[in-house]
2 protein chains.
Amino acid sequence: MTKRFTFEILAKDSETLARAGRLTTAHGEIETPVFMPVGTQGTVKALTQTMLEQMDARIILGNTYHLYLRPTHRLINQLGGLHKFISWSRAMLTDSGGFQVFSLGPLRKLSEEGVSFQSHIDGSRHFLTPEKSMEIQAALGSDIIMCFDECTPYPATREQAQQSLELTSRWARRSKEHLGKLHADADEAEKAGLRIVNPTQALFGINQGSMFFDLRQQSLDELLEIGFDGYAIGGLSVGEDKQIMYSVMHHITPKLPVEKPRYLMGVGTPEDMIEAVAQGVDMFDCVLPTRNARNGNLFTSRGRINIKNARYKNEDRPIDESCKCEACRVYSRAYIRHLYMSGEILASVLSSLHNVSFYLDTMERIRQAIWLGAFKEFHQSFLEDLSRGQE
Amino acid sequence: MTKRFTFEILAKDSETLARAGRLTTAHGEIETPVFMPVGTQGTVKALTQTMLEQMDARIILGNTYHLYLRPTHRLINQLGGLHKFISWSRAMLTDSGGFQVFSLGPLRKLSEEGVSFQSHIDGSRHFLTPEKSMEIQAALGSDIIMCFDECTPYPATREQAQQSLELTSRWARRSKEHLGKLHADADEAEKAGLRIVNPTQALFGINQGSMFFDLRQQSLDELLEIGFDGYAIGGLSVGEDKQIMYSVMHHITPKLPVEKPRYLMGVGTPEDMIEAVAQGVDMFDCVLPTRNARNGNLFTSRGRINIKNARYKNEDRPIDESCKCEACRVYSRAYIRHLYMSGEILASVLSSLHNVSFYLDTMERIRQAIWLGAFKEFHQSFLEDLSRGQE
């Protein structure tokens with residue numbers, strides 16, 4: 001547990017800004033670009049940790065807001081931290097709780113100090129601040145933790161976006177300062193009622209600024225002045241048109257420090273991720289593969305299918321012939337469709353297994369392409385295959 | 001696929017009627033006494049087939065009524081049979097559909113010919129006869145199939161019970177005759193719109209007679225006259241007191257042919273199963289382990305626990321310290337409780353995995369005890385442990 005957090009770039013594409021690298025954490029190494037499956041409540045929905053290991057997930061997400069409310073960060077800390085609590089020995093990243101709190105809408109109230117909100121579970125009142133978010137994430141002990149930020153709502157006026165990003169900058173400074181104290185001073189941690197379970201935690205800053213290029217730059221400048229272990233792009237995929245998202249991403253990604261990991265939060269489809277890799281993004285998370293799986297919406301190398309469709313009723317072939325996951329190695333479309341139509345839990349298990357595998361495999365193929373200097377060709381053929389659809 | 005169905009007795013307990021044996025099917029060998037996990041709709045709820053193999057389940061159940069309605073036995077037959085459809089290479093048993101149809105209550109109507117009923121899914125009308133049940137089970141291709149019987153309702157008058165068992169006997173004869181034709185004559189199968197996917201299917205007769213000892217004997221005599229590959233005790237665990245169930249079981253089990261496998265249908269708790277093994281029962285099925293699992297009710301060697309109870313909130317130990325299943329090897333009670341309280345699918349997966357493992361392990365321990373000539377001691381210490389409860 002004494003390994004420091006580091007990031008190395010190991011290969012660069014010559015035709016795009018894509019790069020392949022390696023994150024080192026106290027809980028193992030992670031090849032980038034990487035997709036991080038989302039384990040909101042301490043579980044990547046419907047999957048066992050063994051399944052995640054078998055599909056070679058190297059890092060998964062946990063959710064500060066959810067885990068704080070239930071089972072509480074105190075309980076998890078008392079039981080040795082989030083890795084131990086959920087029996088996951090590889091790396092974890094936790095978000096700051098900001099995104100969820102802001103999603104609560106009328107249930108929350110914002111001030112310079114922080115955000116007061118009511119629990120979606122029992123209506124109880126809570127107050128989340130940058131300091132509190134750091135305490136929760138220190139209690140959880142995840143390897144990469146995020147500054148407490150305001151995820152600027154979309155659409156926002158220029159003035160709203162600027163006020164919001166500036167608040168995020170002030171909160172970023174408070175986050176860094178407080179985490180430093182917690183890690184450096186056992187008394188400080190004890191005062192907060194927690195035990196430091198992972199002293200190697202890396203802290204990432206979050207770039208905001210809505211869809212305004214110059215505000216994105218202002219946000220970045222302010223974060224750089226504070227200095228973080230990595231930089232995330234937040235406030236995208238919040239309802240804007242895809243072209244707007246791409247334009248902001250294209251604008252700001254190349255300006256993030258080259259030597260630090262770059263994380264595009266909450267994005268997206270396989271197409272989005274490839275597009276972002278081409279701009280130099282290293283890390284992704286998204287609920288799409290697991291959420292879609294539970295609705296029967298499955299990703300394949302030939303585009304998405306909805307397995308509930310009657311046309312798959314007697315198809316004796318796997319979801320995706322080119323996929324090596326357990327769901328594709330063992331079961332047919334006809335069987336998985338039957339499981340959905342019958343409301344069986346195994347439908348969610350097998351479909352989540354496939355969709356998460358598909359995301360992880362896509363990233364593996366992206367990394368290989370970068371290593372081989374063939375990323376641009378891969379990008380093109382990947383999109384062509386997707387658009388070809390099912391024969 | 002040409003291995004004939006056989007049963008050998010390999011060890012007998014000297015102090016009870018317990019025996020250990022081996023069933024041989026076209027889909028592998030099964031050590032008895034055996035617990036058969038229930039896979040109603042072609043899936044043992046919440047478990048993958050790989051998990052079932054890893055916990056060494058040798059035979060699982062499928063449900064004729066459910067599979068006939070959805071996805072239909074015709075589709076399954078067209079796709080190569082139930083083994084292939086669900087990707088399970090080990091043995092399977094299907095029930096006759098009788099029990100489910102009779103559970104439909106007012107939706108069904110009984111005649112000498114068979115039972116007409118309305119689907120619980122879409123209200124469509126169907127007519128199930130002994131011949132139809134054989135055709136469905138032949139289409140599914142399970143290794144052991146059951147005669148179409150009337151599961152006598154409880155309570156029943158002596159007259160009702162006698163009429164019912166006699167109908168069951170006539171249906172048993174029709175079942176055997178029709179299955180014989182289907183297996184012997186490809187034209188007969190083709191006429192029924194199916195392809196014989198497993199010509200080695202064994203057929204079991206079902207003993208009825210409600211709680212009347214002499215009627216149980218009458219039923220058995222009539223079944224023996226027809227002759228079956230194995231004999232099941234039906235019509236128990238249908239609402240009667242446990243003492244009544246035990247008395248019927250104690251009375252009739254030792255009278256079943258010694259050289260044939262004996263199957264106690266739908267029973268029961270671990271205590272029930274041990275009690276029945278002592279009377280010479282070889283085969284069991286029950287939905288308890290999977291159904292209870294989904295409600296957080298977990299079996300342990302020290303009695304049952306409900307994992308939702310607040311006392312397990314911070315228990316950093318497995319469900320059952322003496323269990324070697326993945327849920328117990330990897331996860332804590334605190335984590336599994338958290339999964340329940342959060343409504344996570346993984347709660348059902350891990351709990352089903354544990355409960356089914358517990359049933360299979362209990363059977364494994366029973367078999368070992370019989371082999372070692374220590375069944376009576378095992379029986380006693382098993383019940384003592386159960387009643388000891390959690391410390």
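Taking (1) in contact with an Asp or Glu (Cβ under 9 Å, 6 or more places away or on another chain); (2) closer than 21 Å to A:Met36 by Cα; (3) not small (Gly, Ala, Ser) in turn, A:Glu131 satisfies each apart from (2). The single condition among (1) modelled with pLDDT of 95 or more; (2) basic (Lys, Arg); (3) open to solvent by 10 Å² or more (accessible area, probe 1.4 Å) that A:Arg333 does not satisfy is (3). The set of residues in region B:156-181 that are without any contact (Cβ under 8 Å) to a residue 40 or more places away in the chain, of a type outside the set (S, T, N, Q) and open to solvent by 60 Å² or more (accessible area, probe 1.4 Å) comprises B:Glu159, B:Glu177, B:Lys181.
Residue-wise test of (1) in contact with a strand residue (DSSP E or B) (Cβ under 9 Å, 6 or more places away or on another chain); (2) open to solvent by less than 30 Å² (accessible area, probe 1.4 Å); (3) under 29 Å from A:Ala293 (Cβ atoms).
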residue: A:Ala57; (1), (2), (3): yes, yes, yes
residue: A:Arg74; (1), (2), (3): no, no, no
residue: A:Asp95; (1), (2), (3): yes, yes, yes
residue: A:Gly98; (1), (2), (3): yes, yes, yes
residue: A:Leu110; (1), (2), (3): yes, no, no
residue: A:Gly114; (1), (2), (3): yes, yes, no
residue: A:Gln118; (1), (2), (3): yes, no, no
residue: A:Thr129; (1), (2), (3): yes, yes, no
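Just one of (1) closer than 23 Å to A:Ala18 by Cα; (2) within 14 Å of chain B (Cβ to nearest Cβ) fails for A:Gly266. It is (2). Residues in region B:228-247 that are part of a helix (DSSP H, G or I) and under 22 Å from B:Ser103 (Cα atoms) were compared, and the one that is most open to solvent (accessible area, probe 1.4 Å) is B:Lys242.
Among the residues of region B:272-300, the ones that are among the polar types (S, T, N, Q), away from chain A (no Cβ under 14 Å) and over 25 Å from B:Thr32 (Cα atoms) come to 1 in all. Taken together, the criteria exclude A:Thr94 from residues that are of a type in the set (Ser, Thr, Tyr), in contact with a Leu (Cβ under 8 Å, 6 or more places away or on another chain), without any contact (Cβ under 8 Å) to a residue 40 or more places away in the chain and within 30 Å of A:Thr253 (Cα to Cα). Can you give me the number of residues within region A:87-96 that are more than 10 Å from chain B (Cβ to nearest Cβ) and either hydrophobic (A, V, I, L, M, F, W, C) or closer than 13 Å to A:Ala138 by Cβ (or both)? Looking only at that region, the number is 5.
Filtered by the rule that a residue be out of contact with any Asp or Glu (no Cβ under 9 Å at 6 or more places or on another chain), under 22 Å from B:Glu326 (Cβ atoms) and among the hydroxyl-bearing types (Ser, Thr, Tyr), region B:357-391 gives B:Tyr359, B:Thr362. Hey, can you tell me all the residues within region A:351-390 that are more than 22 Å from A:Ala57 (Cβ to Cβ) and free of Cβ contacts under 8 Å to residues at least 40 places away in the same chain? Listed by number, the residues that qualify are A:Leu372, A:Ala374, A:Glu377, A:Gln380, A:Ser381, A:Glu384. Taken over region A:266-284, residues that are over 18 Å from A:Gln380 (Cβ atoms) and open to solvent by 10 Å² or more (accessible area, probe 1.4 Å) amount to 1. Among the residues of region B:350-389 satisfying the criterion of being under 29 Å from B:Tyr340 (Cα atoms) and hydroxyl-bearing (Ser, Thr, Tyr), which is most open to solvent (accessible area, probe 1.4 Å)? Only one residue fits best here, namely B:Ser387. If the condition is being within 14 Å of chain B (Cβ to nearest Cβ) and either open to solvent by 30 Å² or more (accessible area, probe 1.4 Å) or touching a residue at least 24 places away in the same chain (Cβ under 8 Å) (or both), then region A:10-49 contributes A:Pro37, A:Val38, A:Gly39, A:Thr40, A:Gln41, A:Gly42, A:Thr43, A:Val44, A:Lys45, A:Ala46, A:Leu47, A:Gln49. A Cβ distance below 8 Å, combined with a sequence gap of six or more or placement on separate chains, defines the contacts here; from region B:331-343, residues that are within 8 Å of another protein chain (Cβ to nearest Cβ) and part of a loop (DSSP other than H, G, I, E, B) reach residues that are open to solvent by 10 Å² or more (accessible area, probe 1.4 Å) and of a type in the set (Ser, Thr, Tyr) in the pairs B:Tyr331/A:Ser87; B:Ser332/A:Ser87. Within region B:77-86, being surrounded by 24 or more Cβ atoms within 10 Å (Cβ to Cβ) and at the interface with another protein chain (Cβ under 9 Å from one of its Cβ atoms) holds for B:Phe85, B:Ile86. Would region A:142-154 turn up any residue that is in a helix (DSSP H, G or I), over 28 Å from A:Trp88 (Cα atoms) and open to solvent by 10 Å² or more (accessible area, probe 1.4 Å)? Within region A:142-154 (the criterion being in a helix (DSSP H, G or I), over 28 Å from A:Trp88 (Cα atoms) and open to solvent by 10 Å² or more (accessible area, probe 1.4 Å)), the answer is no, since none of the residues qualifies.
Only residues that are without any contact (Cβ under 8 Å) to a residue 60 or more places away in the chain, within 7 Å of chain A (Cβ to nearest Cβ) and closer than 19 Å to B:Leu52 by Cα were counted in region B:316-330, giving 1. For a quick check of your reading of the model, give me the residue pairs whose first member lies in region A:301-315 and is more than 11 Å from chain B (Cβ to nearest Cβ), whose second is surrounded by 14 or more Cβ atoms within 10 Å (Cβ to Cβ) and assigned to a loop (DSSP other than H, G, I, E, B), with beta-carbon atoms closer than 7 Å and at least 6 apart or on different chains. So the pair list comes out as A:Ser301/A:Asp320; A:Asn306/A:Gly296; A:Ile307/A:Gly296; A:Lys308/A:Gly296. Every residue in region B:199-227 that is assigned to a loop (DSSP other than H, G, I, E, B) and open to solvent by 10 Å² or more (accessible area, probe 1.4 Å), please. B:Pro199, B:Thr200, B:Gln201, B:Met211, B:Phe212, B:Gly227 - these are the residues of region B:199-227 that are assigned to a loop (DSSP other than H, G, I, E, B) and open to solvent by 10 Å² or more (accessible area, probe 1.4 Å). Against the numbered list (1) within 14 Å of chain A (Cβ to nearest Cβ); (2) under 24 Å from A:Leu353 (Cβ atoms), B:Leu360 comes up short only at (1). Inspection of region B:293-308 finds no residue satisfying the criterion of being surrounded by fewer than 17 Cβ atoms within 10 Å (Cβ to Cβ), in contact with a helix residue (DSSP H, G or I) (Cβ under 9 Å, 6 or more places away or on another chain), in a helix (DSSP H, G or I) and not charged (D, E, K, R). Report, by residue number, each residue of region A:50-59 that is in contact (Cβ under 8 Å) with a residue 12 or more places away in the chain and within 13 Å of chain B (Cβ to nearest Cβ). Hits for region A:50-59 are A:Met51, A:Leu52, A:Glu53, A:Gln54. The single condition among (1) open to solvent by 40 Å² or more (accessible area, probe 1.4 Å); (2) over 22 Å from the mean Cα position of the chain (by Cα); (3) among the polar types (S, T, N, Q) that B:Ser89 does not satisfy is (2). Residues that are surrounded by fewer than 19 Cβ atoms within 10 Å (Cβ to Cβ) and within 18 Å of B:Leu75 (Cα to Cα) within region A:316-328 comprise A:Asp316, A:Arg317, listed in sequence order. Identify the single condition in (1) at pLDDT below 95; (2) within 14 Å of chain A (Cβ to nearest Cβ) that B:Gly123 does not satisfy, given that it satisfies every other one. All conditions pass for B:Gly123, except number (2).
Among the residues of region B:226-241, is any modelled with pLDDT under 95 and hydroxyl-bearing (Ser, Thr, Tyr)? Yes: region B:226-241 contains one or more residues that are modelled with pLDDT under 95 and hydroxyl-bearing (Ser, Thr, Tyr).
The values are calculated or read from the model by the stated rules, or taken from the named source; none is laboratory data. Keep in mind that this is a model prediction, so the values were computed, not measured. Backbone-built Cβ (ideal geometry, glycine too); neighbour counts: all protein chains shown. These area figures cover heavy atoms from the full protein model, side chains too; ligands, DNA and RNA do not enter into them. Shrake-Rupley method; radii C 1.70, N 1.55, O 1.52, S 1.80 Å.
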